[in-house]
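Everything below concerns the one structure shown next.
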């Protein structure tokens, strides 16, 4: 079986969030299960992609309304990724430093999808399944099933994975001419709320729709940024498959980024060495429990709550708090302002540092995730992999992966994303930390939890096989 993943992100070549981690990991595990797996992303203008050794395997053109753009498909020659990667090179629209946030993103995403399908029209060995990720590739199922030009691809099953339904890629009908000729009687397959909605279209037209955790699929029936009714109507073809993590990359025994490697036998000394480094770097007291937040500083992650949470916790509890992330400029400013009031117990790093994130996983005592929306969440799985106790709100994948210590579990769970509940959970964390025997025992146990892609990849294989039987 041959599966082609279409995505805007793929770690380590292009990553903005969890999408990049998924597309950079799942194909590797699918390959290990004897599935021929390929990934195609844009050829961005970044150092990692520009330094690749590539072979041009196709060149063609695509039309966006009255404009024609030349493009080429480049095959990455390196085998280090564990699967084959292809890149769409298009100078005017795609060869740019950033993945997102350009004014012409609608044109960029469409150009990428059209280039992929134009290439597939001329390839001899076509994929058995096309796996689309998020709204950026959500129009591919419509284009294959409805556009005359791509009629020869109509028997290829399509899978759409929703990584985050908050972002849907809507654009107005004045850009309808960007889409190649199709029967206008079927324009409803593009429409949602009086505009063209790529995510909604993908849900309507894909053979199967998946989300990145079972609980997130359930939640989308009630809260999906306007798509609740559509997802409820299409629920028969929807399934939630929990994301995994790459156990080769995220492994405290071999991780080259941490200060000291460790496993179950030397977890105490290993984590202590990493915590010592963090305390020296950020002027913390080694003997106090260290609570950390890693991620985007946005509303969905509950990051707007952090300044008040930090102030409340540090006024009443003997703890240290470290924040690593970037995002909303107002939240960033408020977090920096808090530093003036708690210079020896709180610090923040605005931005993202991959090495620092690994050391935090290996050295902090608790990871705070007060998310309002968390389709799957990978940080809590990274934390468990490193023996770091997660404090999470019961939502999406957090609910599926973390069990409260009060229920014979290994984390601390809360139900509401507010300052009071998070503060209370930090207090529970302090009590947990003070019971060192129980705390150390729990750390050793969570190192053994398997959240690798092994199980999830098997579920995807079964899904792909079921689609082949429908052809």
TODO: Would you mind telling me which numbered condition in (1) outside any strand (DSSP E or B); (2) modelled with pLDDT of 95 or more residue 41 fails?
DONE: (1)
Open item on the list: What's the total number of residues in the stretch 127-160 that are in contact (Cβ under 8 Å) with a residue 60 or more places away in the chain and over 19 Å from residue 61 (Cα atoms)?
Closed with: 17
Task: the stretch 121-144, residues that are in a helix (DSSP H, G or I) and crowded, with 22+ Cβ neighbours inside 10 Å - done: 135, 136, 137, 140, 141, 142, 143, 144
Task: the stretch 66-77, subset surrounded by 12 or more Cβ atoms within 10 Å (Cβ to Cβ) and touching a residue at least 24 places away in the same chain (Cβ under 8 Å), residue nearest to residue 181 (Cα to Cα) - done: 69
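Given the criteria under 27 Å from residue 214 (Cβ atoms), more than 22 Å from the chain's Cα centre (by Cα) and surrounded by 13 or more Cβ atoms within 10 Å (Cβ to Cβ), does residue 410 qualify?
yes
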Task: Failed criterion for residue 397 (all others in (1) surrounded by fewer than 24 Cβ atoms within 10 Å (Cβ to Cβ); (2) modelled with pLDDT of 95 or more hold) - done: (1)
Task: Filter result for residue 165 (under 27 Å from residue 129 (Cβ atoms), buried (at least 22 other Cβ atoms within 10 Å of the Cβ) and not assigned by TED's automatic domain parsing to the domain that holds residue 384) - done: yes
Task: Residue in the stretch 201-223 that is farther than 30 Å from residue 462 by Cβ and under 25 Å from the mean Cα position of the chain (by Cα) present - done: no
- [ ] Sort out which residues of the stretch 165-206 are in a helix (DSSP H, G or I) and at positive phi, and write them in order of number.
- [x] none
TODO: Can you tell me which residue among 268, 245, 310 is within 28 Å of residue 445 (Cβ to Cβ) and in contact with a strand residue (DSSP E or B) (Cβ under 9 Å, 6 or more places away or on another chain)?
DONE: 245
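The values are calculated or read from the model by the stated rules, or taken from the named source; none is laboratory data. None of the values given here were measured: they were computed from a predicted structure. Positions of Cβ are generated from backbone atoms using ideal geometry, with glycine treated the same way; all protein chains shown enter the neighbour counts.
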